[in-house]
Amino acid sequence: MIEDVVFKLLKRASTSSPPDVVRALNEAYEREDEPVPKMQLKAILKNIEVAQENSLPLCQDTGVHIFFVKGNLKLIPYFKGFEDAIKRGVMKATEEVPLRPNAVHPITRKNPGNNIGVRMPYINYIPTDDPWIEIIAFPKGAGSENMSFMSMLTPSQGLKGIKEFIIESVIKSGGKPCTPTVIGVGIGGTSDIAMHIAKEALLRPIGDRHPEKDIAELEEELLKAINEIGIGPMGLGGKTTVLDVHIEYAYCHTASLPVAVNTQCWTGRRARARIYEDGRIEEMEG
């Protein structure tokens, strides 16, 4: 069961963009009045259409395979060999979708050819009290992942320093992560926690604001400020450099202020499904 769910999630995530991403790209297209960025957005939307119609990957870089497993983790023993089943699903998707074999040894660069290796696929567990297990497939391409930034700010730099670091990170990235992007920001915790929650922030649908008013307002402020930079689609100028900015935070040490930026390209690849104890499977949008 898990193997089949993972295969279907990876196929969906790799061959179609979530509805919220498509809506945001269409809105960006309608908003744009300069010919070059408008042409780029039109090509992106056509790419999505062709990929979905033909069940072909949205991009030649189908990423490495990150999963988030949320819910009542006590249910996992009911699904024997849970992590091995996820690996089999990845191997099946690699062969049948097909997905490019991207996972290599970091030193020797040896490629096993099936996207399976030490700590890959990488599985993040998030326990909740919900009566299900939700599996989220989150393929991550190198173009966006290479534009990740981490800084240990000092507390004295405060909110001003946080804003400056995020905006400077986007400027350094330029069009390399295949703009327009979604920016995930992690503030607080420790260095590893900050980057983890920055990636977790990317799981939220576009337009889904943080529940805390101050954080939601900061997301809106950064979204507006970054789009005024004018990097635009594929770095060729225009009104839309980012489709959204999502922020998550964690309490941190009184003497530190970690900030991490993780970027997702315009494909916005993610797909999720919920599995209940009785074996019922519910596919979720986005």
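Cβ contacts < 9 Å: first residue touching a residue at least 24 places away in the same chain (Cβ under 8 Å) and surrounded by 12 or more Cβ atoms within 10 Å (Cβ to Cβ), restricted to region 105-118; second residue of a type outside the set (A, V, I, L, M) and part of a loop (DSSP other than H, G, I, E, B), any location; separation 6+ or different chain. Result?
ASN114/PRO101; ASN115/THR62; ASN115/ARG100; ASN115/PRO101; ASN115/ASN102; ASN115/PRO121
In the same structural domain as ASN115 (by TED's automatic domain parsing), touching a residue at least 24 places away in the same chain (Cβ under 8 Å) and not hydroxyl-bearing (Ser, Thr, Tyr): which single residue out of ARG23, ARG31, ARG12 fits that description?
That would be ARG12, the only listed residue that is in the same structural domain as ASN115 (by TED's automatic domain parsing), touching a residue at least 24 places away in the same chain (Cβ under 8 Å) and not hydroxyl-bearing (Ser, Thr, Tyr).
Taking the condition in contact with a strand residue (DSSP E or B) (Cβ under 8 Å, 6 or more places away or on another chain) and closer than 28 Å to SER17 by Cβ, does SER169 pass?
yes
Please verify whether region 225-246 includes one or more residues that are exposed (fewer than 15 other Cβ atoms within 10 Å of the Cβ) and acidic (Asp, Glu).
Looking for residues that are exposed (fewer than 15 other Cβ atoms within 10 Å of the Cβ) and acidic (Asp, Glu), one finds at least one in region 225-246, hence yes.
Within region 247-257, work out how many residues are of a type in the set (Val, Ile, Thr) and surrounded by fewer than 16 Cβ atoms within 10 Å (Cβ to Cβ).
1
One residue is enough: does region 172-179 have a residue meeting the conditions in a helix (DSSP H, G or I) and either crowded, with 18+ Cβ neighbours inside 10 Å or touching a residue at least 12 places away in the same chain (Cβ under 8 Å) (or both)?
yes
From the residues in region 64-75 that are of a type in the set (A, V, I, L, M, F, W, C) and crowded, with 16+ Cβ neighbours inside 10 Å, which one is farthest from PRO106 (Cα to Cα)?
For region 64-75, the residue satisfying everything is LEU75.
Of ARG31, ARG23, which residue is more than 19 Å from the chain's Cα centre (by Cα) and either modelled with pLDDT of 95 or more or buried (at least 20 other Cβ atoms within 10 Å of the Cβ) (or both)?
That would be ARG31, the only listed residue that is more than 19 Å from the chain's Cα centre (by Cα) and either modelled with pLDDT of 95 or more or buried (at least 20 other Cβ atoms within 10 Å of the Cβ) (or both).
If I filter region 76-104 down to residues being of a type in the set (Val, Ile, Thr) and in contact (Cβ under 8 Å) with a residue 60 or more places away in the chain, which single residue comes out as surrounded by the fewest Cβ atoms within 10 Å (Cβ to Cβ)?
VAL97
Looking at region 149-160, is at least one residue part of a loop (DSSP other than H, G, I, E, B) and either touching a Phe, Trp or Tyr at 6+ places or on another chain (Cβ under 6 Å) or at pLDDT 95 or above (or both)?
Scanning region 149-160, I find at least one residue that is part of a loop (DSSP other than H, G, I, E, B) and either touching a Phe, Trp or Tyr at 6+ places or on another chain (Cβ under 6 Å) or at pLDDT 95 or above (or both), so the answer is yes.
Hey, any hits in region 275-283 for a residue that's of a type in the set (Asp, Glu), within 23 Å of PRO18 (Cβ to Cβ) and touching a Phe, Trp or Tyr at 6+ places or on another chain (Cβ under 8 Å)?
Among the residues of region 275-283, at least one is of a type in the set (Asp, Glu), within 23 Å of PRO18 (Cβ to Cβ) and touching a Phe, Trp or Tyr at 6+ places or on another chain (Cβ under 8 Å), which makes the answer yes.
Output the residues belonging to region 140-166 that are more than 19 Å from ILE226 (Cβ to Cβ) and touching a Pro at 6+ places or on another chain (Cβ under 7 Å).
Passing the criteria: only MET152.
Do any helices (runs of 4 or more DSSP H) lying entirely in region 1-60 carry at least 3 residues that are among the acidic types (Asp, Glu) and out of contact with any helix residue (DSSP H, G or I) (no Cβ under 6 Å at 6 or more places or on another chain), and which ones are they?
19-31
Within region 70-111, how many residues are out of contact with any helix residue (DSSP H, G or I) (no Cβ under 8 Å at 6 or more places or on another chain) and either of a type in the set (A, V, I, L, M) or assigned by TED's automatic domain parsing to the domain that holds ALA198 (or both)?
Total meeting the criteria: 6.
Just give me the residues in region 126-148 being loosely packed, with under 12 Cβ neighbours inside 10 Å and either among the polar types (S, T, N, Q) or touching a strand residue (DSSP E or B) at 6+ places or on another chain (Cβ under 6 Å) (or both), in sequence order.
Passing the criteria: only ASN146.
The values are calculated or read from the model by the stated rules, or taken from the named source; none is laboratory data. All figures in this text were calculated on a predicted structure; none of them were measured in a lab. Note that we place each Cβ from the backbone using ideal geometry, even for glycine, and neighbour counts take in every protein chain shown.
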